[in-house]
1. Can you grab the distance from the C-alpha centre of region 87-152 to the C-alpha centre of region 69-85, Å, no decimals?
2. So which of 145/177; 44/338; 97/240; 145/262; 44/240 end up more than 32 Å apart by C-alpha?
3. Which order, highest average first, do 184-197, 126-139 follow once you tally other Cβ atoms within 10 Å for each residue and take the mean per peptide?
4. For residue 173, what residues show an amide H to amide H distance below 5 Å, using hydrogens built from the backbone and excluding near sequence neighbours?
5. If amide hydrogens are placed 1.01 Å from N in the peptide plane, which non-local residues have theirs closer than 5 Å to the one on residue 255?
6. Counting just the Cα atoms, what span does region 272-319 cover along each of its three principal axes? Round to the nearest Å and put the largest first.
7. Could the peptides 151-158, 321-328 be put in order, highest first, of the mean number of other beta-carbon atoms found within 10 Å of their residues?
8. Neighbour counts of other C-beta atoms within 10 Å: give me 296, 43 arranged from fewest to most.
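No value in this document is a laboratory result; all are computed from the given coordinates. Quantities reported herein were computed from a predicted structural model and do not represent experimental measurements. Every residue, glycine among them, receives a Cβ derived from its backbone with ideal geometry; neighbour counts consider all protein chains shown.
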Amino acid sequence: MKRLNSLLNPGEWSIAGKISAALLSVAILPMSFTAYYNLRQSWKSAEASEYRKLELSATSTASRLDQLIMDIQTVVVQVSRDADVVNFLTNISANDKLQTNLLNVRNSHPDFDAVFILDAQGRCLVSTDRTFIGQNYRFREYFQKAIQGRPYVSSILVGETSKRPGLFFSHPVISNKGQILGVTVLKIEGEKIWNIVNNQSRGVSRSNAFLVDQHGVIISHSNQSLLYKSLTPLPKQTLKQVVEDRRYGRDEIKSLNIPELKPMVSATETGHASYHLPDEVTPRIVGFAPLEKQSWVLGVSQPKTEFILPLQHLIWQQISNILLVAGISTIIALILAKNISRPIRTLIAAAKDLQVGNFNPEEIAEVSRAQDDMGELVRVFLHMAWQIKAREQKLKQQVTQLRVEIDETKRANHVAEITENEHFLQLQRRIQKLRQQAVSVGESETDYYERLQKQVQSLKETAS
């Protein structure tokens, strides 16, 4: 635990570790920040470019659909103004030529599915598809709008009679007197619209195009399971009207509930968004563009990974470069740190030797010959070491001399303490008296000597 704390505390690192960390930081940090900034800018640029590409693709397909709608509207107008059609609705009589003309119109374009004439009550009188004849379509919006004198283009509807999806173009048939006699309807196959939309995504990997109507209901998609589902929940009134009209041949319109695509519904200009389809983990991006001739919006989408993959490759390449530079920088940093720290460690060892009195100048002589700052430091240290050693020798001599003086002083003080003692002085006086006493008459030398011994012994006992 203590070792771990030391590693986490830069202040406790060795000089080599600090130098290595500093060199690595200088080499890696600027490169890392630069790489991060470049990758971030590349990401934004690639994302913007991909969105722009999808928007252009959507605009191109929307323009094709607009052109198709204009062309078909022109045909419908021509049929509604045909004299045979006007005369037929005026007289309501059989007209074989009219039937032939309608067949010729239908056969003039591979996308046309049927051409038929409705009277003022919405009943089909003539049609290239005999299953339509006798059916009443007054409930259809394309009849209701046209009978009021306005041309109309429907959304993709599922026919009540044919059960086939189709796009209906209608135009009023007006007599020479300005009276609305009926309605001309031209139906094109819904699959044809789907083909135009789906062809847009064939050249792009994992991309698809889809078309939504003014309510946000998908009316064209390569994934058939998503057809006639709304991007966002429909308002109750709109949902009720759509179901009652059986516009899509469904009893209910389910919602995909993708709030990110709400700006796409009834969009008036190109745009883009990022979203998730239900039950899909991978996010998708979409570029969309509105049609000019119809309240539809066409979107072209693809998985976000399609443009992320190249960026991920670039990211890994940058990471590899950083790791390579980090490895090379680490080796260089360790070598430099070792070369820089080696004389420092030598100097530390010399200082420790100097501390315990085992200093050997030859150990750092080689380092002192260097002409750099470290060499200058070692030379200063050597000079300091010699001064310390000289002062130490001088101090030892002074200490020895001082000890002699102290010993002599102590000895003198001890003698003074003994000789200046009152008892010692009394003994001296007694001894002096003894010395002054002469040998008594008739006393032999032996007796005199014994008497002196007794007195000395008495003095010793007294001193003790």
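1. 11
2. From 145/177; 44/338; 97/240; 145/262; 44/240, over 32 Å: 44/338; 97/240; 44/240.
3. Numbers: 184-197: 21.7, 126-139: 16.3.
Most protected by this proxy first, the peptides run 184-197, 126-139.
4. Placed amide hydrogens put 181, 182, 183, 184 under 5 Å from residue 173.
5. Answer set, sorted by chain and number: 230.
6. 50, 25, 11 Å, listed from the longest principal axis down.
7. Details: 151-158: 20.8, 321-328: 12.9.
Per-residue mean Cβ counts within 10 Å order the peptides as 151-158, 321-328.
8. Numbers: 296 25, 43 15.
Listed from fewest to most nearby Cβ atoms, that is 43, 296.
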